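Visitor: Before I ask anything, here is the structure I am working with.
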Amino acid sequence: MIGEMRHLRAFLTVARLSNFTRAADELHVSQSALTVQIRQLEEALGVMLFDRSTRRASLTQAGEEMLGPLPRILIDTEAVLTHTRDSYSGRFRRRAQQIPRVEKQ
């Protein structure tokens, strides 16, 4: 799921800036890496999210519809993940240490 969130953040950044180069700079990734992330997202969804030209990336109708609720969803998801990590970090490790080891004979 974390990988998908990276893809969604990439989508939001390109949508906001309407430019892959500037979005890549802001996200501190190469333009080709950003392009791959957007293509992976488009392939996963089965739709084109951007109409691309040499200077501009504009949202398709599908991109526009996805853009509407996405910022709020992403903020809420990140808040839940942060809360869970902060509240329960270390518990998994402690339980794993309590599991008895089976000795080979």
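Coordinate-derived values only; no laboratory data. What you see is a predicted model, and the numbers here were worked out from it, not measured in a lab. FYI the Cβ positions are ideal-geometry reconstructions off the backbone, even for glycines, and counts take in every protein chain you see.
Visitor: Please report the Cα spread of the range 1-51 along all three principal axes, rounded to whole Å, starting with the longest.
Guide: 26, 25, 18 Å, listed from the longest principal axis down.
Visitor: Tell me, in nm to one decimal, what length is gained between residue 9 and residue 32 on full extension, where the rule is 0.36 nm per residue of separation less the Cα-Cα distance? Mind showing how you got there, number by number?
Guide: Numbers: separation 23, 0.36 × 23 = 8.28 nm, distance 1.58 nm.
The span from residue 9 to residue 32 would gain 6.7 nm if fully extended.
Visitor: If amide H atoms are built 1.01 Å from N in the plane of the peptide, which residues on other chains or at least 5 residues away come under 5 Å of the amide H of residue 57?
Guide: Amide H to amide H, under 5 Å and 5 or more residues apart or across chains, residue 57 pairs with 19, 20.
Visitor: Of 28, 54, 44, which is farthest towards the positive pole of the range 10-57's charge dipole, taken about the Cα centre with +1 and -1 on the beta-carbons of Lys, Arg and Asp, Glu respectively?
Guide: 54
Visitor: To continue, here is another question. To the nearest whole percent, what portion of all C-alpha pairs in the range 2-86 is separated by more than 14 angstrom? Spell out each step's value before the answer.
Guide: Values: 2259 of 3570 pairs.
Counting every Cα pair in the range 2-86, those more than 14 Å apart make up 63 percent.
Visitor: Further, regarding this structure: Work out, step by step, the length gained on full extension between residue 64 and residue 44: first 0.36 nm times the residue separation, then minus their alpha carbon distance; give nm to one decimal.
Guide: Details: separation 20, 0.36 × 20 = 7.20 nm, distance 1.70 nm.
Extending this stretch completely gives an extra 5.5 nm.
Visitor: Sort 80-89, 25-34, 7-16 by the packing proxy (mean of other Cβ within 10 Å over each peptide's residues), most packed first.
Guide: Numbers: 80-89: 9.6, 25-34: 13.8, 7-16: 19.6.
Result, highest mean Cβ count within 10 Å first: 7-16, 25-34, 80-89.
Visitor: Oh, and also: Can you give the extra length, in nm with one decimal, that the chain gains between residue 18 and residue 84 once fully stretched, where that is 0.36 nm per residue apart less the Cα-Cα distance?
Guide: 20.4 nm
Visitor: Would you grab the residues whose amide H sits under 5 Å from the one on residue 50? Only those 5+ places off in sequence or on another chain, please, with H modelled 1.01 Å from N.
Guide: 60
Visitor: Can you compute 3J(HN,Hα) from phi for each residue in the range 12-22, using the Karplus curve 6.51 cos²θ - 1.76 cosθ + 1.60 with θ = phi - 60°, rounded to whole Hz and x for Gly and Pro?
Guide: Per residue, the Karplus-derived 3J(HN,Hα) values read 4, 5, 5, 4, 5, 8, 6, 7, 5, 5, 5 Hz.
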